[in-house]
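*Asks:* Okay, handing you the structure first.
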Amino acid sequence: MRVLTKILRRQPNREKAKPNELLAAPTYNMWGRVSDFAAEIQKSEFMVGMSQYFEGPDGHGLMGALDCATLYGLTRWQRPAVVVETGGYLGMSSAFILKALADESLAQAKLYSLEMNPDCDHGAMIPNELRSQFVPLKGRVEDFLKRDELPSPIDMFLHDSSHRYRHMLWEFRQFWARLRDGGLLVSHDVHFNAAFAGFVAKTHARDKNGVMDVERTTHHDWGRWGYIGFVIKKSS
């Protein structure tokens, strides 16, 4: 990881974009920026404060420190105005998304966080100073979509609810359709099954010679870091 980080940092930095600015392809230079942001948050007092929860009674159900840092880095790089996450739970992932929004001075951005468990203390781990941009929603994602109660279009989506193969694919397809061009689809625990890899494959087109067909491929870039996978949408 240390060698990889040094390699990534040699790449030129992308200038800070405005919220909702369309991404230019290729997006390979995102890796250096995400790496820097992730390293920054890992050394921060914020990470120290949030780490207390990893050893607590609810630690087994939380996103790990490396994945939280990666999510923070992706969010800062993307600079989204509208984020939706499923499986918000106690708010570990939410806290790092909100921290990234705050550090990018995106005061008008919103995180819509869905949690289906009615008994969960949804968002309990989010520091008070970050709560103004947090929109908690209790209930099934299927019901919210059926009633058309979620924003569209969106800039970033995080899947972290049920990791059943069919459900993951279903969420990817539903929220991929809501993402703008350049929008970011992120999934936690992509190692659980082949849903994420299968979904990415569906966004990748090849010509008769087996070479990537840029015109028909519907992502700018994709990757995996730790248990986090991401895809950057390109409108067809």
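*Asks:* To the nearest 20 debye, what is the magnitude of the charge dipole of the stretch 137-229 about its Cα centre, counting +1 on the Cβ of each Lys and Arg and -1 on the Cβ of each Asp and Glu? Spell out each step's value before the answer.
*Replies:* Numbers: 14 positive and 13 negative charges, 62 e Å.
Dipole size: approximately 300 debye.
*Asks:* Using Cβ counts within 10 Å as a stand-in for footprinting exposure, how do His163, His204 rank, fewest first?
*Replies:* On the way: His163 18, His204 14.
Ascending Cβ contact count within 10 Å gives the list His204, His163.
*Asks:* Please state the shape class of the stretch 75-147: rounded when a/c is under 1.5, otherwise prolate if a/b exceeds b/c and oblate if not, all from the C-alpha gyration tensor.
*Replies:* Judged from the Cα gyration tensor, the stretch 75-147 comes out oblate (a/c at least 1.5, b/c at or above a/b).
*Asks:* Within straight cross-link reach of Lys43, meaning Cα distance under 17 Å, which aspartates and glutamates are found once same-chain residues fewer than 8 apart are removed?
*Replies:* The reachable aspartates and glutamates, counting only those whose Cα sits under 17 Å from Lys43, are Asp67, Asp103.
*Asks:* Which one of Leu130, Ser105, His159 is farthest out on the positive end of the charge dipole of the stretch 90-177, using unit charges on Cβ (Lys, Arg +1; Asp, Glu -1) and the Cα centre as origin?
*Replies:* The listed residue farthest towards the positive side: His159.
*Asks:* For Cα pairs less than 8 Å apart in space and 6+ apart in sequence, what is the mean separation divided by the residue count of the stretch 99-203, i.e. the relative contact order in percent?
*Replies:* On the way: 102 pairs, mean separation 23.2, N = 105.
This gives 22 percent for the stretch 99-203.
*Asks:* About the Cα centre of the chain, how large is the charge dipole given +1 on each Lys and Arg Cβ and -1 on each Asp and Glu Cβ? Please answer in debye to the nearest 20.
*Replies:* Numbers: 30 positive and 28 negative charges, 179 e Å.
Using Cβ point charges on Lys, Arg, Asp and Glu, the chain gives about 860 debye.
*Asks:* Which of the GluC sites (Glu not before Pro) across the stretch 128-167 are loop residues per DSSP, with 14 or fewer other Cβ within 10 Å? Walk me through the intermediate numbers first.
*Replies:* Details: sites: Glu129, Glu142, Glu149; in loops: Glu149.
Those satisfying the criteria are Glu149.
*Asks:* Fewest to most neighbouring Cβ within 10 Å: what's the order for Thr217, Thr27?
*Replies:* On the way: Thr217 15, Thr27 18.
Result, fewest neighbours first: Thr217, Thr27.
*Asks:* Please list, ordered by chain and number, the residues whose modelled amide H lies under 5 Å from the amide H of His219; skip anything fewer than 5 residues away on the same chain.
*Replies:* So His219 has HN proximity to Lys234.
*Asks:* On to the next question. Just add up the charged neighbours of Phe192: K/R +1, D/E -1, any other residue whose Cβ is under 15 Å from the Cβ of Phe192.
*Replies:* -1
*Asks:* What's the local net charge at Val214, with K and R +1, D and E -1, over the other residues with C-beta under 10 Å away? Walk me through the numbers on the way to the answer.
*Replies:* Details: positive: Arg216, Lys234; negative: Asp207, Asp213, Glu215.
The answer is -1.
*Asks:* Also, quick follow-up: As a footprinting exposure proxy, order Val186, Val48 by other Cβ within 10 Å, with the fewest listed first. Walk me through the numbers on the way to the answer.
*Replies:* Details: Val186 24, Val48 10.
Listing Val186, Val48 from fewest to most nearby Cβ atoms yields Val48, Val186.
*Asks:* Further question: Obtain the radius of gyration and the Kirkwood radius of the chain from its C-alpha atoms and give Rg over Rh. Mind showing how you got there, number by number?
*Replies:* Details: Rg = 17.1 Å, Rh = 18.1 Å.
Rg/Rh for the chain comes to 0.95.
*Asks:* Using the Karplus curve 6.51 cos²θ - 1.76 cosθ + 1.60 with θ = phi - 60°, work out ³J(HN,Hα) for each residue of the stretch 211-225 in order, rounded to whole Hz, and write x for Gly and Pro.
*Replies:* Values, residue by residue: 8, 4, 8, 4, 5, 9, 6, 9, 9, 6, 6, 7, x, 9, 9 Hz.
*Asks:* Now, a different point. Only helical DSSP H runs with n ≥ 4 go in: add -39500 (n - 2.57) per run for the chain, normalise by residue count and round the 222 nm mean residue ellipticity to 500 deg cm²/dmol. Before the final figure, lay out each step's value.
*Replies:* Values: 8 runs with 80 residues, N = 236.
Mean residue ellipticity at 222 nm (helix-derived): -10000 deg cm²/dmol.
Each reported figure results from applying straightforward, stated rules to the coordinates on display, with no laboratory input. Note that the structure is a prediction, hence the values are computed from the model and not measured. Because the Cβ atoms are built from the backbone with ideal geometry, glycine has one as well, and the counts that use them run over all protein chains shown.
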